1. Measuring from centroid to centroid over Cα atoms, what is the spacing of the range A:216-268 and the range B:14-68 in Å?
2. What base-10 log of the normalised intensity I(q)/I(0) is obtained for the protein assembly as shown from the Debye formula, alpha carbons as equal point scatterers, at q = 0.05, 0.07 Å⁻¹?
3. Quote to one decimal, in nm, the extra length available between residue A:87 and residue A:56 on full extension: 0.36 nm per residue of separation minus the C-alpha distance between them.
4. Taking the Cα centre of each part, how many Å lie between the range B:194-256 and the range A:51-72?
5. Let's test the formula: R0 of 51 Å, r as the Cβ-Cβ distance of residue B:385 and residue B:156. What FRET efficiency results, to the nearest 0.05?
6. By its C-alpha gyration tensor, with a ≥ b ≥ c as the square roots of the eigenvalues, how is the range A:231-271 shaped: rounded for a/c under 1.5, else prolate for a/b larger than b/c, else oblate?
7. Compute the angle between helix B:273-286 and the longest alpha-carbon principal axis of chain B, please, reported from 0 to 90 degrees and rounded to the nearest 10.
8. Taking the alpha-carbon distance from residue A:87 and a cut-off under 25 Å, which lysines remain once sequence neighbours fewer than 8 residues away in the same chain are dropped?
Amino acid sequence: MNGINGYRLGASGIIITFFTIITATVLLPMVLFNPTKTTSANAYKDTPYNQVADPERGRRIYVREGCVYCHTQFTRLQDRGYGPLVKAGDYVSETPHQLGTARTGPDLTNEGGRMASEWQKAHLVQPRALKPGSIMPSFSFLTDRDMNDLVAYLQTLGNGRKVTTYVQAPDEYEKFLANRKVDTASDAAANAGRGIYTQNCAVCHGLEGRGNGPNSITLEKKPANFTRAFYKQYPDAFWFYRVREGVPGTRMPHFGEILSEEQMWYLVAYLKTLPKDQEEVINDISQLNEVTPAVKLPRLTNQVYEPSTGGAHSGGEEHGTEGPNGEDPGNQPQGNTPGEYVPSKAAPPPETAPAPAGGH
Amino acid sequence: MLVDRLLSDREGSAARNFLISAVFWSIWGMGAGLFASLEFAFPDLVHNVPQFSMPHLRMFHVNAVAIGWLSMGYVGSMFYMVPALTKAKLWSEKLGNFTMWAWNLLMACAFGTLLNGFTEGREYAELGAILDVLVVVALICTALNIYMTMVNRKIKKLYVSLWYFLGALFWFPLVYIIGQRTFVALPGLNDAIIGWFYGHNILGMWFTTVGVGMMYYLLPRITQNPLYSHGLSMLGFWGIALFYAPTGTHHILQSPVPEWLKAIAVISSVFLLVPVMTVLTNFFMTMKGKWQMGVTDLTLRFTITSCIFYLITCTQGPFQATRWINWYLHFTQWVVGHAHLALLGTFSFILTASVYYGLPRLTGREWASQGLIRAHWWLKTLGFTLMMISLTTAGLIQSAGWHHGIPIDMWAMELKPYWILRGISGIMIVLGQLLFAYNIWKTVYTNAGIVIDTKTPTLSTMEVKS
């Protein structure tokens with residue numbers, strides 16, 4: 001042991017350094033950081049899915065199939081369109097954690113309820129049939145039980161997080177509202193706003209406010225379709241805010257720079273008169289500005305995946321809760337139901353994992 | 001006797017077996033990576049084969065290159081470098097060979113389990129409970145062997161490489177045990193904090209420390225230049241020991257973990273520039289006057305390439321760990337590129353150099369073909385550069401997409417050219433590795449290897465010039 005003596009100092013340095021760091025960055029967080037479980041955490045028990053599938057087992061399938069390598073499970077401040085922000089207490093019972101480090105696919109924090117269970121299942125079997133250009137692998141090798149549990153798990157993601165507040169106009173807009181000289185409920189004001197709309201807004205939002213103006217075809221973020229039900233609950237101050245300051249993240253300009261306050265209030269009056277209708281998406285120049293009948297899109301429901309009888313699920317059973325606008329659920333166009341899914345030639349789905357087709 | 005054959009006590013046999021096993025597993029690991037990358041480019045390549053689905057291939061790819069190729073190669077390299085630096089025989093060749101078999105068994109089990117989806121679901125800690133125990137046993141056997149060799153050393157002064165090996169073999173088994181969380185179920189975010197403590201320190205306390213130790217060994221040996229400064233090398237060692245371990249939380253900077261932990265992680269990440277620049281100054285000053293040797297000496301060329309990639313990766317790292325750059329770049333393929341820059345660009349290159357340097361001295365045979373080594377270098381360097389460019393560009397496209405809130409459906413297809421380029425780079429790298437393996441087979445197992453020393457090589461008498 002002759003050599004060791006001279007190096008005691010160094011060796012103890014290695015040991016002391018390491019244990020100091022372990023204390024600071026491993027033990028201390030374990031002691032000091034104990035968030036209490038929040039109500040917004042994912043609930044896997046007593047969900048509508050428990051009757052037909054097991055979300056907790058679905059989580060183990062999620063872990064086993066390595067979904068975490070491409071899908072994250074935390075929303076960040078800078079994320080848009082992924083729902084409410086997570087809190088520390090949301091993860092108390094999430095072990096092993098599936099936070100993830102790469103988003104090759106979308107974030108799944110609040111995925112539950114975003115798509116119908118049939119859609120999720122079809123998407124797991126052949127993602128590219130539903131999302132062209134997706135590079136997600138096909139999970140057609142999962143058994144029917146695995147698939148149902150996994151879908152049940154996906155549908156519970158974010159089920160504790162509810163949207164409680166929308167973006168609101170800043171406080172200064174109360175002042176604008178108090179000072180306005182235009183009666184935004186009057187026909188005269190709406191008529192005055194029509195011309196302002198035609199000159200400034202129609203080029204993107206379309207003459208009918210459907211978001212289908214000629215410019216819309218070149219925009220990556222499509223202009224708002226004012227005929228959607230969502231816009232019918234806008235208060236005057238919020239319309240005024242959006243007109244005056246534009247919409248962050250889009251090409252919507254700040255009209256406060258070119259319109260007077262009075263003109264903008266006339267515009268608000270007109271915008272409030274736009275009819276309520278269905279959303280439509282313009283993909284082709286020939287669709288622009290032609291009067292089309294209202295398109296009935298399939299509803300995205302929280303519908304429970306029906307336990308399959310005899311292996312294949314019948315897509316025709318898609319009767320759930322009432323649609324957002326109360327239209328007859330039976331009127332859905334055939335082309336948009338998941339039942340239309342046709343597996344690619346390269347990969348006939350195996351006996352154990354049938355596509356959620358069949359019924360039609 | 002079979003036992004004598006399997007657990008040989010011939011000097012240098014453990015190191016030789018470890019290096020050859022490492023190259024064997026590198027082909028499987030890199031092959032799995034290539035397969036997975038082709039599935040990014042052509043997602044419908046394979047259907048209905050769970051073993052070949054991308055996430056399963058990725059699990060095996062990461063574990064095979066990290067635990068198989070790099071770690072086994074590191075242990076093999078230490079098994080020949082430590083005796084050479086201490087002028088003492090390896091404490092127990094039998095124990096070394098036993099460790100080698102345990103490690104190979106572990107890798108075979110990893111192949112069987114990970115591809116079938118038996119995973120703990122923790123990134124970089126996927127191996128199951130039994131395999132975790134096996135890794136720890138193998139690491140402790142290795143540490144015992146190296147420590148006892150150092151205790152029996154004939155040269156009193158410890159060269160800086162030995163400091164790195166000494167530290168790594170103490171730190172890494174502990175980091176591994178803490179990081180696995182096999183037998184505990186922690187609350188989600190605490191699980192993530194420990195997970196990234198481990199995930200970053202498998203790099204900081206193992207791949208970096210041993211890898212830099214190997215650079216310290218190889219550069220002065222090959223160039224026959226004395227090390228520029230022992231003082232700087234000590235500063236670098238203690239800097240890495242202090243600043244590397246707390247950085248893990250920079251992987252989850254935007255998640256709701258405590259802010260003070262994020263602050264520690266970011267600050268120590270930036271401080272890492274100090275030891276890295278110290279180490280590299282030392283390397284590049286040691287190279288002074290000998291740069292032209294890189295043209296003819298291919299082992300040196302691999303070493304220099306590794307040092308240069310180390311410079312790039314360690315400048316990139318601290319900057320992307322700062323909050324605002326991380327805010328933009330996180331979650332994208334940029335980070336994947338960075339990880340490959342460290343593990344493939346830096347540490348895989350230095351390990352390759354170590355194999356090219358060590359195997360002839362361990363087997364007494366000169367390399368069968370210099371042309372194959374040259375081809376290996378070109379394929380690996382060009383392939384890796386292409387991979388880095390494609391991943392970084394893809395990462396910037398993704399960053400822009402996430403940052404501006406554009407739905408992924410709108411830009412996912414834009415990445416396809418980069419996935420294809422990455423696949424091509426993977427083909428080049430795997431091809432290079434196959435040539436490497438062929439060269440080893442030719443040298444060691446056929447008569448093509450030119451015998452340079454008929455006697456059993458004695459590492460402990462190899463010349464120390466440092």
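Bear in mind these aren't lab numbers, they're just calculated from the coordinates by the rules spelled out. Only a predicted model underlies this, so the values are computations on that prediction, with no experimental measurement involved. Neighbour counts run over all protein chains shown; Cβ positions are idealised from the backbone, glycine included.
1. So the separation of the two Cα centres works out to 52 Å.
2. The calculated log intensity ratios at q = 0.05, 0.07 Å⁻¹ are -0.33, -0.62.
3. Working: separation 31, 0.36 × 31 = 11.16 nm, distance 2.09 nm.
Roughly 9.1 nm would be gained on extension.
4. Between the Cα centres of the range B:194-256 and the range A:51-72 lies a distance of 36 Å.
5. On the way: r = 44 Å, r/R0 = 0.86.
E between residue B:385 and residue B:156, to the nearest 0.05, is 0.70.
6. Details: a/c = 2.18, a/b = 1.08, b/c = 2.02.
Cα axes put the range A:231-271 in the oblate bin.
7. 40
8. A:37, A:45, A:162, B:262
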